[in-house]
Amino acid sequence: MVSVAFSANTLAAQGVIKIGELNSYKSQPAFLGPYKNGMDLALDEINKVGGVDGKQLKLIIRDDNANTGDAVRAAEDLLASDKVDVLMGTFLSNVGLAVSDYAKHKKRFFLASEPLTDKIVWKDGNKYTYRLRASTYMQVAMLVPEAVKMHKKRWALVYPNYEYGQSAAETFKALMKKAQPDVEFVAEQATPLGKIDAANVVQALADAKPDAMFNVLFATDLAKFVRAGTQRNFFKGLSVVSLLTGEPEYLDPLGDETPVGWVVTGYPWYAIDTPEHKAFLKTYEDKYHDYPRLGTIVGYTAVKSLAAGMKKAGSTDTDALIKAFAGLKVDMPFGPITYRAIDHQSTMGAYVGTLAKKDGKGIMTNIRYVNGADVLPPDDVVRTLRPASAQ
């Protein structure tokens, strides 16, 4: 296929840079509605000051239907019909991997904003793909020290049965074994995404009599699991570490059913008092008369990252962007991040804290921000994880 990349001169004549964004908008609205708001806010800020080198940014959005085949077809349509300059987005890890592979074969730049699988930058990494969000490995590594402090031996795991959940479970077991050699994994429940049989899952886990649990469920699966577990007193006396549960997209719907005491990763927007976040929060609230979610941060920072990369490259040419993103520094609401040259992973971190309830709503307490750079393996290990052809 003939490349449809535009040179810097072509873009100058055209006056617009097209970003092809594909995501699971229909299947994951709680995250991706706020995500779109974040993208729009970033676009407004960038275009009001002249865009990138005088060229306005424009989003062209497609729904990938949470399906790998549809995602690849959407990406192909964005490139061939809409003549977009770059690809961005995806939510589900399996979809992100499919689009990353497509970008590799078409030799087009792709910024994976949200998918968390480690494969996208390590085992299946390629030079055309960079990833923004803190990965499965990174967020699990943030929680493992908290899990070790619990001094529990018998652990159960529950996770959605697709790439993200499987990756998180395997990483947790590996890191826990290294940190606490006597740990035992007494039960695992891998549930179909969006179709959990919560009562039976809780019963199966309870039958194993664990004294701690690692949870990877999110969205409606999480809400159903929490309700079933609470009704059966499964969580009483059980120590829990849980990925993503502190994100407003998944915590807010739990309301008064919020499981107090769980240690989680998340986004406590109401408790972050850094200057960068205060400024972002005010701007967002003024525009949308609502509070941001984690998706907002990801969408906002993804667009800001592309703009910074294009400005540094002086072009939307694929090879120029690949070079520009290596070591690219971007300011975001959590503070500055860097896109690492060695594996194309950004150093965006996450907040770790403990769930509590206030006025019938779930909140994170005892929060601390963990810089993504502090939980990534050393370079010599990364080189063994990533194909030589992608380095």
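The values are calculated or read from the model by the stated rules, or taken from the named source; none is laboratory data. Predicted model only: the values in this text are computed from it and were never measured. All Cβ positions, glycine included, derive from the backbone under ideal geometry; neighbour counts span all protein chains shown. Note: accessible area is taken over every heavy atom of the protein model, side chains too, but ligands, DNA and RNA are not part of it. Shrake-Rupley method; radii C 1.70, N 1.55, O 1.52, S 1.80 Å.
Values for this structure:
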read-out	value
Kirkwood Rh, Cα atoms: Rg over Rh of the range 136-247	0.93
Long-range tail of P(r) for the range 78-216 (Cα pairs > 23 Å, %)	44
Greater than 18 Å apart at Cα, pairs in 26/304; 152/236; 26/195	26/304
14 Å beta-carbon shell around residue 187, net charge (K/R +1, D/E -1)	+1
Normalised contact order of the chain, rounded percent, pairs of Cα under 8 Å and 6 or more residues apart	19
Two-site label geometry, residue 329 and residue 368: point separation in nm, points 7 Å out along Cα→Cβ	2.5
Calculated on alpha-carbon atoms, Rg and Dmax of the chain in Å	20.7, 67
Label-point separation in nm, residue 197 to residue 58, each point 7 Å along Cα→Cβ	5.1
Relative contact order (percent, whole number), the range 104-251, Cα cutoff 8 Å, 6+ residue spacing	22
Packing rank of 301-313, 251-263, where each peptide gets the mean count of other beta carbons within 10 Å, highest leading	301-313, 251-263
Carbon + sulfur, % of accessible area of the chain - ligands and nucleic acids excluded, 1.4 Å	51
Accessible area expressed per residue, the chain, with surrounding protein chains retained (probe 1.4 Å, Å²)	39
Dipole axis of the range 241-351 (+1 Lys, Arg; -1 Asp, Glu on Cβ), positive-most option in 299, 318, 272	318
Helical contribution to [θ] at 222 nm, DSSP H n ≥ 4, -39,500 (n - 2.57), averaged over the chain, rounded to 500	-13000 deg cm²/dmol
Furthest towards positive pole of dipole, 255, 229, 218, structure part the range 218-260, Cβ charges	229
Check: the range 101-148 dipole with +1 on Lys, Arg Cβ and -1 on Asp, Glu Cβ, in debye	440
